[in-house]
Amino acid sequence: IGRCPAELGLFARPEQPLAAQQLFEEQGYLRDFEAVIRTKSGELRDGLFGAEYIEVQGRRMLLTVMSDITERKQAEAALRASEARFATVFRANPLSIIITRLKDGQIIDVNPTWETRSGFSRAEAIGRTSSELNLWFNLDDRTRLLKQLHEQGPVRGFEGQIRLRSGRVVEALISAELIEIGGEACLLALIQDISERKQVEEALRRSEERHRRLLDLLPEAVWLQRGGRIERVNAAC
C-alpha cells in the first residue's frame, strides 16, 4: 500500500504497462489484457488484467483486477506442443493415415503418404466420405472394423481390401482407434499395403502344396526332419 507497481517491479516486461495505458486511454477501460508479472519471490506469472475508473468517497480511483492464468497458459502451450508433435508424425509417417468423422464417415484429413498411395489428392478427399470415394472394396470390412472399435477399443492388425483411385484393389493391414477433434468423435486409421506380402504368402502356400503332393506320389517312404525331429512324411511312409 502506498507504492506504485513500477516501484514493486510488478511487471516483468516494461513495454506491457505502457501498452496497457495506451489501450486504456483509447478505450476508457481495459479488458482481457495479458501481461507477465513478477512476484515478490521473483517467480513469473501470467496475468489477465481488467481496469476502469471508479469513484470512492468522491475521489476518482483506478480499479485494476488481475486473474492468474499461468496454469491455463501452460496447458495451452502443452496442447500446442502436443499438436505440433502429432502434426509432424502425421505428415512424415511412411504409412497412409486417414482421419474420418465417426458420425457420417466424412474425411477430416489425410497425410501425404495417403495421397501418394491412394491416388487421391488431399483437396479431393477432404469433406467427402470413404463411400463417396469408393475406398472400401467390401463395405462389410468397414462395418466389422467399427464394430471391433466399439466393442474392443483400439484395433490392430485388421485386414481388409482398399480400392485405389486407379481402381486397383490392394490388401491392407489397418490399425485404428477413436480420437476426439474439436469435440467430435473421429476415426484415426493407419493403413499399410500388404499386397506383396500376401502374394508371397500365397505363392509359398501353393509351393508347399505342390511339394506335398509330389512327395505323396513317390512310391518310396520319405520323411523330412530338422534338428533330429521328423516334420513331414509322405503317404508311402
Quiz item: Among strands (runs of 3 or more DSSP E) lying entirely in the stretch 146-237, which contain 3 or more residues that are touching a Leu at 6+ places or on another chain (Cβ under 8 Å), open to solvent by less than 80 Å² (accessible area, probe 1.4 Å) and modelled with pLDDT of 90 or more?
Solution: 155-163, 169-181, 184-193
Quiz prompt | Given (1) more than 22 Å from Ile1 (Cα to Cα); (2) without any contact (Cβ under 8 Å) to a residue 12 or more places away in the chain; (3) open to solvent by 50 Å² or more (accessible area, probe 1.4 Å); (4) not in a loop (DSSP other than H, G, I, E, B), number of the condition Glu132 does not satisfy | solution = (4)
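The rows are residues; the columns are (1) under 30 Å from Leu23 (Cα atoms); (2) assigned to a strand (DSSP E or B); (3) open to solvent by 80 Å² or more (accessible area, probe 1.4 Å).
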{"site": "Arg72", "(1), (2), (3)": "yes, no, yes"}
{"site": "Glu76", "(1), (2), (3)": "yes, no, no"}
{"site": "Ala81", "(1), (2), (3)": "no, no, no"}
{"site": "Thr88", "(1), (2), (3)": "no, no, no"}
{"site": "Glu115", "(1), (2), (3)": "no, no, no"}
Quiz item: When only residues in the stretch 11-69 that are among the hydroxyl-bearing types (Ser, Thr, Tyr) and outside any loop (DSSP other than H, G, I, E, B) count, which is surrounded by the most Cβ atoms within 10 Å (Cβ to Cβ)?
Solution: Thr64
Practice problem: Say whether the condition of being of a type outside the set (S, T, N, Q), in contact with a Lys or Arg (Cβ under 6 Å, 6 or more places away or on another chain) and touching a residue at least 12 places away in the same chain (Cβ under 8 Å) is met by at least one residue in the stretch 21-33. | Solution: no
Self-check item: Residues satisfying the stated conditions in the stretch 56-106, i.e. among the hydrophobic types (A, V, I, L, M, F, W, C), out of contact with any helix residue (DSSP H, G or I) (no Cβ under 7 Å at 6 or more places or on another chain) and farther than 30 Å from Phe11 by Cβ
Solution: Phe86, Ala87, Val89, Phe90, Ala92, Ile99, Leu102
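The values are calculated or read from the model by the stated rules, or taken from the named source; none is laboratory data. Keep in mind the model is a prediction, meaning the values are calculated, not measured. Here Cβ is always computed from backbone atoms with ideal geometry, including for glycine, and neighbour counts include all displayed protein chains. Ligands, DNA and RNA are excluded from the accessible area calculation, which covers all protein heavy atoms including side chains. Shrake-Rupley method; radii C 1.70, N 1.55, O 1.52, S 1.80 Å.
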